[in-house]
């Protein structure tokens, strides 16, 4: 496939990935959060395959498979199981309402474009157009973590940040060295499992996963 | 070979604790002995630095490497690790935890130690990141050793804030790699420190500035630099005291190590003024937040966390003040490791004795528990920077570096904040040491038991006094070489 088509396709897919991240800001039910994350990860895995095809890099196919298995199958399954056990609550009235959140996310993506100008100019890769979208996704993920009131949605926000960084790695460098990629995936899985365990603990001790209740520790 | 002797003991210890079910105190004793092996290996790795010979490496593609900065950190981490394992609950004295909890504690604390050691000797930036992320995961398992509302809250905040921070540090790492690849093309050892340092002057300045911003925010969250420190008081307050000791001295040092390594690379690209400016600003903010929080402290373990924040601020200030400041900051790191670990162990014992970690519940330490009270006094006086303890020397050197670089206003503000911290801590110390104790009067047997229990901590005190009175040759060589690596 020729280079401009590849560049446009990668930017389009990055935009779609960012869209799923922003979708988190107006969904209310926990199940919708997990769904959006699943779709986002699937598109990201597809992008990994496309980049692997263009670069003739077999390693990227392997990374795409690991990514798909981890983030589209394993983690959402754990999340859904978690949601049935401790969920049944909706993310009612997060700290910032939906309309303001969307405006803020627009501003964050704009900020990302400004910040990543030197990156885009320094790069010669055809996929560099999507780099601002990747950093934008990281910022949106951060915003989700800060403004959510339910522990489960905070975890999904964290996973979205990780997706943003993975996207940045793919677009900017066509992936990072494989051994590092492997270790990062392992760390991510373990980190997620730990968070999952903690949400069970929170539910067990507080009878809810509302993080507003986690306010005992002060001066 | 030495690297194996360094990394295998904690892994074997964790495996042993995993296999032996239910927990027996022999496991704790064996693990303590294993940690001595790691300590010996770390000290042996300092040897090549002092002799001026080649840097020891290990593994395919130089996977592990121990230059003087790494060796310095290794000694700090293994030193505190040994102390922790010797003074852990369930090692030869009746414990307040169940066998299941003790087993979990032994498994994860050894894995935690192994991860920290790996982070310090990893030659590859990515492997270092993986190890530091692993430390978050392993330590998060032990904070809520007893499941209470407070400990669950503390550990949730810890793991969420730390994971987000580490993710941002990874973003910075990827940006650094991106810059390298754009310049040089893909390479298998692109993420190795010596390689990055060698090409630093050719990298794109704007990209490296952005990368360092992410790195500082990311690893700064782990180190507990304000305003990303909010997890610290909660986590240190709720975690079992040995873990708090390990986290506040060793883990903090490892996080600062990561920032320092990246600073060396970024300085090679954009010059020192950018990173210095950021570190000075954050250091001052940390010191300020710490000083005022210390005034309001009601819980002595949280007070120690704010004291950590104060020293974090001082070390950041030092790192931003050129080679002399960096030397002072590294010396301060060593001194802080010694003092902070000492005080946390005492705090743990006090909590057991008085049943509470609130300052107002603790009175009359000098009458009820003279040895504990004495060590509290020594530890806190050391932490506020009084001679003859080492922290006075390193703080003095930081001031000297500041004045040498014509920053009198900055140093003046620093001194004022240090004075506020000084007065606050003395006030709290007075309230705890004197007054009517709420315990039964001590008898000789109790006092004798305590003397033996705290015997290892007197090593800390001795080293603090040694570093406060002189700077031994080997330490000076180690520090000088480390500074050279970072400020070339």
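The values are calculated or read from the model by the stated rules, or taken from the named source; none is laboratory data. This structure is a prediction, so every number in the text was calculated from the model and none was measured. Here Cβ is always computed from backbone atoms with ideal geometry, including for glycine, and neighbour counts include all displayed protein chains.
Is it the case that residue B:134 is within 9 Å of another protein chain (Cβ to nearest Cβ), in a helix (DSSP H, G or I) and touching a residue at least 40 places away in the same chain (Cβ under 8 Å)?
Criteria not met by residue B:134.
Can you work out which of the residues in the stretch A:137-161 that are more than 16 Å from residue A:36 (Cβ to Cβ), modelled with pLDDT under 90 and in a helix (DSSP H, G or I) is farthest from the other protein chains (Cβ to nearest Cβ)?
Out of the qualifying residues, it is A:146.
Is there a residue in the stretch B:92-109 that is closer than 25 Å to residue B:190 by Cβ, modelled with pLDDT under 90 and outside any helix (DSSP H, G or I)? Write out each step before concluding.
So the first thing to find is which residues in the stretch B:92-109 are closer than 25 Å to residue B:190 by Cβ, and the list is none.
The answer is no; no qualifying residue exists.
So, residue A:155, is that one under 20 Å from the mean Cα position of the chain (by Cα), without any contact (Cβ under 8 Å) to a residue 12 or more places away in the chain and closer than 28 Å to residue B:149 by Cβ or not?
no
Hey, can you tell me all the residues within the stretch A:202-212 that are at the interface with chain B (Cβ under 8 Å from one of its Cβ atoms) and either surrounded by fewer than 16 Cβ atoms within 10 Å (Cβ to Cβ) or in contact (Cβ under 8 Å) with a residue 12 or more places away in the chain (or both)?
Hits for the stretch A:202-212 are A:202, A:204, A:211.
What number of residues within the stretch A:115-141 satisfy the criterion of being within 19 Å of residue A:22 (Cβ to Cβ) and in contact with a helix residue (DSSP H, G or I) (Cβ under 6 Å, 6 or more places away or on another chain)?
Within the stretch A:115-141, residues that are within 19 Å of residue A:22 (Cβ to Cβ) and in contact with a helix residue (DSSP H, G or I) (Cβ under 6 Å, 6 or more places away or on another chain) number 14.
Among residues belonging to the stretch A:110-124 that are modelled with pLDDT under 85 and facing chain B (nearest Cβ under 8 Å), point out the one that is surrounded by the fewest Cβ atoms within 10 Å (Cβ to Cβ).
Among residues in the stretch A:110-124 that are modelled with pLDDT under 85 and facing chain B (nearest Cβ under 8 Å), the one surrounded by the fewest Cβ atoms within 10 Å (Cβ to Cβ) is A:124.
Among what's in the stretch B:350-398 and is crowded, with 23+ Cβ neighbours inside 10 Å and farther than 21 Å from residue B:461 by Cα, pick the residue that is modelled with the lowest pLDDT.
It comes out as B:362.
Residues in the stretch A:162-184: is at least one farther than 24 Å from residue B:178 by Cβ and either facing chain B (nearest Cβ under 9 Å) or more than 20 Å from the chain's Cα centre (by Cα) (or both)? Full working, then the answer.
Step one: list which residues in the stretch A:162-184 are farther than 24 Å from residue B:178 by Cβ, which gives none.
No; the residues of the stretch A:162-184 include none that is farther than 24 Å from residue B:178 by Cβ and either facing chain B (nearest Cβ under 9 Å) or more than 20 Å from the chain's Cα centre (by Cα) (or both).
Looking at the structure I just gave you, is residue A:131 part of a helix (DSSP H, G or I), free of Cβ contacts under 8 Å to residues at least 60 places away in the same chain and closer than 22 Å to residue B:218 by Cβ?
The answer is yes for residue A:131.
Looking at the structure I just gave you, is residue A:146 within 20 Å of residue A:159 (Cα to Cα) and either free of Cβ contacts under 8 Å to residues at least 12 places away in the same chain or loosely packed, with under 15 Cβ neighbours inside 10 Å (or both)?
Criteria met by residue A:146.
For the stretch B:291-313, name all the residues that are in contact (Cβ under 8 Å) with a residue 60 or more places away in the chain and surrounded by fewer than 20 Cβ atoms within 10 Å (Cβ to Cβ).
B:292, B:295, B:298 - these are the residues of the stretch B:291-313 that are in contact (Cβ under 8 Å) with a residue 60 or more places away in the chain and surrounded by fewer than 20 Cβ atoms within 10 Å (Cβ to Cβ).
Taking residue A:60 as the residue in question, decide whether it is without any contact (Cβ under 8 Å) to a residue 60 or more places away in the chain and closer than 17 Å to residue A:166 by Cβ. Please lay out each step first, then the result.
Working: without any contact (Cβ under 8 Å) to a residue 60 or more places away in the chain: no; closer than 17 Å to residue A:166 by Cβ: yes.
In short, no.
Please find, among B:150, B:154, the residue that is assigned to a helix (DSSP H, G or I), farther than 13 Å from residue A:198 by Cβ and facing another protein chain (nearest Cβ under 7 Å). So that I can check it myself, show each step before the final result.
Values: B:154 fails: farther than 13 Å from residue A:198 by Cβ.
After ruling out the rest, the residue left standing is B:150.
Just checking, which of B:426, B:452 is surrounded by fewer than 19 Cβ atoms within 10 Å (Cβ to Cβ) and at pLDDT 90 or above?
B:426
So, in the stretch B:32-82, of the ones that are at pLDDT below 85 and in a helix (DSSP H, G or I), which residue ends up farthest from residue B:484 (Cα to Cα)?
Among those residues, the one meeting the criterion is B:47.
Out of (1) in a helix (DSSP H, G or I); (2) facing chain A (nearest Cβ under 8 Å); (3) touching a residue at least 60 places away in the same chain (Cβ under 8 Å), the odd one out for residue B:167 is which?
Condition not satisfied by residue B:167: (3).
Could you please give the count of residues in the stretch B:179-194 that are surrounded by fewer than 19 Cβ atoms within 10 Å (Cβ to Cβ) and part of a strand (DSSP E or B)?
Total satisfying the criteria: 0.
Residue check: is residue B:176 crowded, with 21+ Cβ neighbours inside 10 Å and either in contact (Cβ under 8 Å) with a residue 12 or more places away in the chain or more than 8 Å from every other protein chain (Cβ to nearest Cβ) (or both)?
When the stated conditions are applied, residue B:176 passes them.
Of the numbered conditions (1) free of Cβ contacts under 8 Å to residues at least 60 places away in the same chain; (2) under 16 Å from the mean Cα position of the chain (by Cα), residue A:115 satisfies every one except a single condition; which is it?
(2)
Yes or no: residue A:199 within 10 Å of another protein chain (Cβ to nearest Cβ) and closer than 20 Å to residue B:164 by Cα?
When the stated conditions are applied, residue A:199 passes them.
Considering B:184, B:152, B:199, which residue is free of Cβ contacts under 8 Å to residues at least 12 places away in the same chain and more than 22 Å from the chain's Cα centre (by Cα)?
B:152
How many residues does the stretch B:215-230 contain that are surrounded by fewer than 24 Cβ atoms within 10 Å (Cβ to Cβ) and assigned to a helix (DSSP H, G or I)?
Number of matching residues: 1.
If you check B:309, B:296, which single one turns out to be within 14 Å of chain A (Cβ to nearest Cβ) and within 14 Å of the chain's Cα centre (by Cα)?
Going through B:309, B:296 in turn, the sole match is B:309.
Take the residues of the stretch B:267-290 that are surrounded by 23 or more Cβ atoms within 10 Å (Cβ to Cβ) and within 14 Å of another protein chain (Cβ to nearest Cβ): which is farthest from residue B:203 (Cα to Cα)?
B:290
Given the criterion assigned to a helix (DSSP H, G or I), over 23 Å from residue B:251 (Cα atoms) and more than 12 Å from every other protein chain (Cβ to nearest Cβ), identify the matching residue among B:197, B:210.
Details: B:210 fails: more than 12 Å from every other protein chain (Cβ to nearest Cβ).
On inspection, the qualifying residue turns out to be B:197.
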